[in-house]
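Let me begin by presenting the structure, written as C-alpha cells, before commenting on it.
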Amino acid sequence: MTFNLSRDLCFFDLEATGLHVIRDRIVQIAIIKYFKDGREPEELQMLINPGIPISEEAMNVHGITPKDLRNKPTFQQAAQKIYDFIGDADIAGYNSNRFDLPLLMEEFARVGMEFSTDNRRTIDVQRIFYKMEPRTLRAALRFYTQKELVDAHDAMADVRATIDVFKGQIEKYEGQKIVNEEGAEIDSPVVNDMQVLHDFTNDLKTIDATQRLKYNSEGKVVFNFGKYQDKPVVDVLSRDKNYYHWILNKEFSTQVKQLVKKLMKEYEQQQRG
C-alpha cells in the first residue's frame, strides 16, 4: 500500500527506563520515515544512554541493560540528529499519543529544544484499533454470543450479559495457546478453572487496585510510587515511622492501608520473636 501523504510521515517507537513520561528516559528510539514525494523510506535507530537507572520491569520487557548503553550517546548528544531526521513530518505510532510522543517531547525540552506538535498531525494506531474494535460490554456480548445487549447500564442486565460473555470466552478459547508480549508461549490460559483465570486476568506483580504496591523480582512488597519507589515497604516503614502515619492519614485506598498495616504487624511480630 502507498500512503496518501501531503506531508512526510514518521512512524516511531521508544523503549525507556520505565513508564513515567516525565521521570523516565529514552534508551532506544526507532523511526521509519515515509516521504510525500514517494521515494524509498529511510530508517533511524539509536541506543541512548539515559543517565539514570533502568527499572527491572522495563529491562524484563525490552531486554536493554546498562551494559548495552555504556558507550552510547546521551539524548543531548543525539537530539539534533533525531530532530533533523523527523523534520516537520507528521508522527505516528502505537499508543504514541499517551506515551512515546510526550516522553520524546520531555527529552527535547530537557536539552533546550522545542518539539512542537502544533503544526504536525499525530496518528495513534492503537486508537484506531480501539475505536474500530470496541471493548465495551455491548461489543463483547455481540462478539462472543451474537446477542444484543438490552437495557444497557441496568445493573442486572449488565451482570447477565457479563456472565454470557464469560461463558462464551471459556467456550471459544479453552485449549488455545497464546504468545504473550514477551514472546513466551502460554498453554491454555483460558480454562474453566477460576484460579487459572484469576492468574491470567491479574497482574501478579501489582498487589492493590491502585497499583501503589507491587512485588519485586525477589517477591518482596515494594512501593510503586513516590520517593521510595521500588524500595521494600517493611524496610522503609520500620525506619521512617512518619511515612507510615502519612500513608494511613492520606487519601490512599483502604486496600493499601490494610496491606501496609498487615506488613508492619507481621514485621513487629517477627521482631518480638
| What tally of residues in the range 59-81 results from selecting those that are within 22 Å of the chain's Cα centre (by Cα), assigned to a loop (DSSP other than H, G, I, E, B) and surrounded by 13 or more Cβ atoms within 10 Å (Cβ to Cβ)? | 1
| query | For the range 246-267, does any single residue satisfy the condition of being under 25 Å from Arg23 (Cβ atoms), touching a residue at least 24 places away in the same chain (Cβ under 8 Å) and over 26 Å from the mean Cα position of the chain (by Cα)? | reply | no
| said: If I ask for residues that are over 10 Å from Leu14 (Cβ atoms) and either acidic (Asp, Glu) or modelled with pLDDT under 90 (or both), which ones from the range 96-110 would you list? | reply: Arg98, Glu106
| field | Subset of the range 90-111 [among the aromatic types (Phe, Trp, Tyr) and either outside any helix (DSSP H, G or I) or buried (at least 20 other Cβ atoms within 10 Å of the Cβ) (or both)] | value | Tyr94, Phe99
| Just one of Gly168, Gly175 is without any contact (Cβ under 8 Å) to a residue 60 or more places away in the chain, surrounded by 15 or more Cβ atoms within 10 Å (Cβ to Cβ) and more than 19 Å from Met59 (Cα to Cα); which is it? | Gly168
| Checking Arg212 against (1) free of Cβ contacts under 8 Å to residues at least 40 places away in the same chain; (2) out of contact with any Lys or Arg (no Cβ under 7 Å at 6 or more places or on another chain), the condition it does not meet | (1)
| task | For the range 217-227, indicate whether the set of residues that are modelled with pLDDT of 90 or more and more than 17 Å from Glu57 (Cβ to Cβ) is non-empty. | result | yes
| said: Which residue is nearest to Val111 (Cα to Cα), if the candidates are limited to the range 12-58 and must be surrounded by fewer than 20 Cβ atoms within 10 Å (Cβ to Cβ) and basic (Lys, Arg)? | reply: Arg23
| field | Flag for Ile207 being among the β-branched types (Val, Ile, Thr), closer than 30 Å to Glu171 by Cα and either touching a helix residue (DSSP H, G or I) at 6+ places or on another chain (Cβ under 8 Å) or not assigned by TED's automatic domain parsing to the domain that holds Pro53 (or both) | value | yes
| said: I'm trying to understand the selection: among the residues of the range 112-158, which are more than 30 Å from Lys33 (Cα to Cα), assigned to a loop (DSSP other than H, G, I, E, B) and not polar (S, T, N, Q)? | reply: Arg135, Lys147, Glu148, Leu149, Val150, Asp151, Ala152, His153, Asp154
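The values are calculated or read from the model by the stated rules, or taken from the named source; none is laboratory data. What you see is a predicted model, and the numbers here were worked out from it, not measured in a lab. Positions of Cβ are backbone-derived with ideal geometry, glycine not excepted, and every protein chain shown enters the neighbour counts.
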